[in-house]
Amino acid sequence: MKKYKAIIYDIDGTVLNTLNMNMYPLIKIIKEETGEDWTFEDVLKFAPYPGMKVMEELQVKDKEKTYARWVKYVNEYEEGATLYDGFEDVFKAFDGKIIQAVVSAKTTKQYQIDFVDKGLDQYMQVAILADDTDKHKPDPEPLFECLKRINVKPSEAIYIGDALSDYLASQNAHMDFGYAKWGSVSSKGIDEPTYIFETPLELLKLL
């Protein structure tokens, strides 16, 4: 395997299992807004979408208000965001040997709750979040912004993600892509990832 100067992670579905905490509250919102009963499988297609895009797709009446209510339910969800098994070891193993960073569509507030409060940000040199760029994945801008801040060329970094938008963002940035299969809802369109990783611990092969 190629040696990299930097490893950049997506968060949701890659480092953190946030599927349940996002999807079950969404089912509740859909029921409240439309009266329809959706299954977990039905809402999975929304998993990779930014929150407001979900509201647009569902054509809810007051998007801002409904989105705020969804966020409230998400943060009340008991299970919360859980770290995928093995990541604690991965972060520690890479610490000091390779630059670690985050590029995620999360808001700063959500990043604080899901990531910083768990003490995971200590391993990250940079975090590029929703508010840091005008354009978002699959546009390469968030990845370019991250590379600029850590002073690394696209060819010297790998992006680890679980969704099609992550894969396309890496391609558009001419960066290698590691497909995080453990958290992925669908591999549709992720045709030629540089590497496929079945578990977080397999990332240690990159050392």
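The values are calculated or read from the model by the stated rules, or taken from the named source; none is laboratory data. Bear in mind that the values here come from a model prediction, so they are computed numbers and not experimental data. Counting neighbours? That spans all protein chains shown, and the Cβs are built from the backbone with ideal geometry, glycine included. Remember, those area values only see protein heavy atoms, side chains included, never the ligands or the DNA or RNA. Shrake-Rupley method; radii C 1.70, N 1.55, O 1.52, S 1.80 Å.
Pick out the one residue from S170, S165 that is more than 19 Å from F46 (Cα to Cα) and small (G, A, S).
Details: S165 fails: more than 19 Å from F46 (Cα to Cα).
From the options S170, S165, the qualifying one is S170.
Being closer than 14 Å to S104 by Cβ and open to solvent by 10 Å² or more (accessible area, probe 1.4 Å) is the filter here, so list the residues in segment 143-162 that pass it.
Passing the criteria: E145, D162.
Output the residue which, of all residues in segment 100-130 that are within 12 Å of T18 (Cβ to Cβ) and of a type in the set (G, A, S), is surrounded by the fewest Cβ atoms within 10 Å (Cβ to Cβ).
Among residues in segment 100-130 that are within 12 Å of T18 (Cβ to Cβ) and of a type in the set (G, A, S), the one surrounded by the fewest Cβ atoms within 10 Å (Cβ to Cβ) is A105.
Kindly indicate whether any position in segment 81-89 is over 18 Å from F177 (Cα atoms), of a type in the set (V, I, T) and open to solvent by 40 Å² or more (accessible area, probe 1.4 Å).
There is at least one residue in segment 81-89 that is over 18 Å from F177 (Cα atoms), of a type in the set (V, I, T) and open to solvent by 40 Å² or more (accessible area, probe 1.4 Å).
Identify, please: which residue in segment 36-58 is at pLDDT 95 or above and not in a helix (DSSP H, G or I) and is, among those, most open to solvent (accessible area, probe 1.4 Å)?
The extreme case among them is D37.
In segment 168-182, which residues are assigned to a helix (DSSP H, G or I) and open to solvent by 10 Å² or more (accessible area, probe 1.4 Å)?
L168, Q171, N172, K181, W182
As an exercise: evaluate S165 against (1) open to solvent by 50 Å² or more (accessible area, probe 1.4 Å); (2) part of a helix (DSSP H, G or I); (3) of a type in the set (G, A, S); (4) at pLDDT below 95 and give the number of the one condition it does not meet.
Looking at each condition in turn, S165 falls short on (1).
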